[in-house]
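Structure first, commentary second.
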Amino acid sequence: VFTGIFTAEMVLKIIAMDPYYYFQEGWNIFDGIIVSLSLMELGLANVEGLSVLRSFRLLRVFKLAKSWPTLNMLIKIIGNSVGALGNLTLVLAIIVFIFAVVGMQLFGKSYKECVCKISSDCVLPRWHMHDFFHSFLIVFRVLCGEWIETMWDCMEVAGQTMCLIVFMLVMVIGNLVVLNLFLALLLSSFSSDNLAATDDDNEMNNLQIAVARIQKGIDYVKRKIREFIQKAFVRKQKALEEIKALEELNNKKDSCISNHTAVEISKDLNYLKDGNGTTSGVGTGSSVEKY
């Protein structure tokens with residue numbers, strides 16, 4: 001389900017932002033890789049050995065850094081320290097390689113010839129310096145702090161002097177110097193200069209921005225509903241006013257027509273009266289003319 005949701009999110013982002021601009025952002029590349037691995041794991045579910053891809057889904061937890069400023073700051077500090085730590089890791093690997101070769105050259109034959117001193121069945125134990133691989137593992141174990149048992153076995157087969165010198169050099173140079181440099185670099189990355197307030201500290205985090213956008217959207221919907229109701233009410237009121245105006249106009253028109261009709265009727269009556277008087281006048285004149 002979550003794979004489908006994240007896939008839909010990635011597709012919608014690519015459509016909205018264009019593939020070029022989508023892959024210009026680091027978090028989008030991170031999301032794309034995780035989604036691709038998840039889809040590959042779902043598509044090849046029947047193939048053995050690919051179930052390990054399922055563990056990569058846990059990397060989605062780092063997406064919290066987008067809305068968690070403190071975690072985002074820590075990831076940035078670690079990312080900025082990778083360059084220096086990478087160089088220091090290379091130095092440590094060279095030191096381990098050198099001491100592994102030295103131990104194999106100095107104590108390899110002694111472990112083979114005097115194996116019965118440290119093994120009851122005269123078989124090489126798990127920890128020895130007869131070959132480079134096991135010598136490398138012993139040096140790495142010394143760097144981890146577990147050096148007493150291996151140094152004792154070395155002293156049994158090769159003598160105390162050389163074993164003490166080699167093991168003390170590994171402890172001092174490898175453990176007390178190089179490994180502590182890792183801590184020094186990390187602490188310097190977490191210094192006050194790197195933890196100073198940045199420009200992003202003055203801005204709202206993404207979660208606050210999302211809440212503000214949601215609130216803005218709700219206010220926009222409320223405003224549109226209010227405007228729609230007001231427009232509908234005003235439109236209805238205007239329609240009522242127009243109807244009233246038309247009714248008043250019709251009433252005035254009807255009254256004017258009735259008044260006009262009454263005036264015409266009165267005029268016709270007056271005309272009829274005037275016609276009768278004129279006729280009588282003409283008759284009188286004719287009789288006068290006769291005389």
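With the highest mean first, a sort of the peptides 221-229, 177-185, 160-168 on other beta-carbon atoms found within 10 angstrom per residue produces 160-168, 177-185, 221-229.
Taking the centroid of alpha carbons for each part, segment 140-166 and segment 65-134 are 15 Å apart.
The radius of gyration of the Cα set in segment 69-196, together with its Dmax, comes out at 18.9, 63 angstrom. Modelled label positions at T161 and S120, each set 7 Å beyond Cα in the direction of Cβ, lie 3.4 nm from each other. Sorting the segments 150-157, 19-26, 67-74 by their mean number of nearby beta carbons within 10 angstrom, highest to lowest, gives 150-157, 67-74, 19-26. Fully extending the segment from L181 to K63 would add 39.5 nm, taking 0.36 nm per residue of separation and subtracting the current Cα-Cα distance. Modelled spin labels at F133 and I98, positioned 7 Å past Cα toward Cβ, are 2.6 nm from each other.
Each value in this text was obtained by applying a stated rule to the coordinates, not by laboratory testing. Treat the numbers as computed from the prediction; the structure is a model and nothing was measured. With ideal geometry, Cβ positions are generated from the backbone for all residues, glycine too; neighbour counts draw on all protein chains shown.
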